[in-house]
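Take a look at the structure below.
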Amino acid sequence: MLRASMALVSLIWASSATAQTKELQLVEELRLGSADGSEANMFGDIQDMAVDPDGRIYVIDTAMKNVRLFGRDGRLIRQFAPEGDGPGERRHRRMSSFSGPARVTWDKNRGWLWIDDGYQFQIMDSLGVEYRREVRTGTLNENPNDPVGKLMAVDTQGHIYEYQRDYQPGASGDSSFSYIARGVATPDYGTRYRDTLVIDARLLVTEGTQTNMRTVGRVLATVAMTTKRPERAERIWTVSPDGAIWIADSQERRIHELGFAGDTIRTLDVGFGIAELDVSPEGWVWVRYATEGESTWDLIDNCGVSRGSVSVPQPVSVTEVGSGGTVHMVSADELDIEYIMRLQLKGEAVTSTC
């Protein structure tokens with residue numbers, strides 16, 4: 001069932017530390033998903049979505065085993081990438097401890113949809129035509145210590161960004177490294193990574209009867225006591241349209257903007273319990289917090305000034321922030337039936353201010 005509604009959510013907007021606040025409205029413009037609708041509008045396990053500049057929505061659903069493309073008006077345009085091993089098909093896997101959820105990334109520079117779950121990587125267009133496929137399942141089974149990667153973002157200059165993890169056992173201790181790799185697409189639809197930025201590095205060493213997880217490399221990593229294989233770091237990160245890296249530790253009250261050389265551009269104080277970071281095309285950072293029963297964001301403009309917070313009365317699992325205050329999000333009702341909403345900030349334009 002396709003439903004457009006006018007649910008309003010208040011946002012308190014402070015243009016400066018001393019200015020009076022303005023109450024804005026976040027208007028729900030579109031809702032996709034229903035338990036009693038057609039199969040095209042039923043979702044079972046949305047792992048990710050992407051929105052192109054025309055407002056079309058790409059949704060990867062592991063339960064329905066396909067990728068669906070919806071128009072800006074919410075009508076289904078087509079389904080593609082069904083379950084299978086043939087051209088244009090893929091094996092839809094639920095998230096694992098190795099790879100997490102599948103990601104879909106729209107590359108407006110080339111008109112490509114990048115689909116990657118850490119096991120299978122594909123490049124398709126909006127028609128579902130496949131240009132490239134890489135299957136990493138064999139490598140993970142035969143060489144579990146090889147780096148595991150997943151494409152996460154494309155910036156306005158066409159650089160691609162992949163999250164990579166490298167676990168290496170050693171005689172003196174096991175090590176776990178997490179990187180962001182930046183690269184380019186090759187003419188044959190391949191990828192070539194030139195730079196890496198370490199965002200977490202840990203070394204497992206035995207001292208007497210205890211095993212300590214000590215940080216090496218960047219100091220953003222925390223120290224933890226463990227006797228198990230190094231766990232995946234709680235790093236929350238995203239790439240801004242201009243290629244800067246925003247990163248946070250889920251246990252800190254700060255977010256850091258980094259250049260790809262690893263230099264810190266700025267550090268901003270935020271709340272505790274960060275669940276997601278997103279950056280709009282205007283450079284505004286949306287910081288989502290892990291709250292029960294609702295979802296709350298702090299909005300920080302591109303000058304680094306806090307502009308207030310906004311909440312919606314439902315849990316959110318995925319957020320896609322667009323230009324001009326347009327936000328797409330994935331949520332679920334009390335029966336755990338998933339749906340997608342498009343919300344629009346009303347009352348004042350969200351613009352670049354610096």
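The table for this structure:
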{"read-out": "Given (1) farther than 21 Å from residue 117 by Cβ; (2) open to solvent by less than 20 Å² (accessible area, probe 1.4 Å); (3) modelled with pLDDT of 55 or more, number of the condition residue 153 does not satisfy", "value": "(1)"}
{"read-out": "Some residue of segment 221-241 being in a loop (DSSP other than H, G, I, E, B), modelled with pLDDT of 90 or more, within 19 Å of the chain's Cα centre (by Cα) and surrounded by fewer than 21 Cβ atoms within 10 Å (Cβ to Cβ)", "value": "yes"}
{"read-out": "Of all residues making up segment 280-308, the number that are crowded, with 16+ Cβ neighbours inside 10 Å and either part of a strand (DSSP E or B) or in contact with a strand residue (DSSP E or B) (Cβ under 7 Å, 6 or more places away or on another chain) (or both)", "value": "17"}
{"read-out": "Listing of strands (runs of 3 or more DSSP E) fully contained in segment 1-94 that carry 2 or more residues being more than 22 Å from the chain's Cα centre (by Cα) and modelled with pLDDT under 75", "value": "8-13, 22-32"}
{"read-out": "Pairs with Cβ under 6 Å, 6+ apart, first in segment 309-324 and within 20 Å of residue 352 (Cβ to Cβ), second at pLDDT 85 or above and part of a loop (DSSP other than H, G, I, E, B)", "value": "321/280; 323/281"}
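The values are calculated or read from the model by the stated rules, or taken from the named source; none is laboratory data. Remember, it's a predicted structure, so these values are computed and weren't measured experimentally. FYI the Cβ positions are ideal-geometry reconstructions off the backbone, even for glycines, and counts take in every protein chain you see. The protein model used for the area step is the full one, side chains on, heavy atoms only, and it has no ligands, DNA or RNA in it. Shrake-Rupley method; radii C 1.70, N 1.55, O 1.52, S 1.80 Å.
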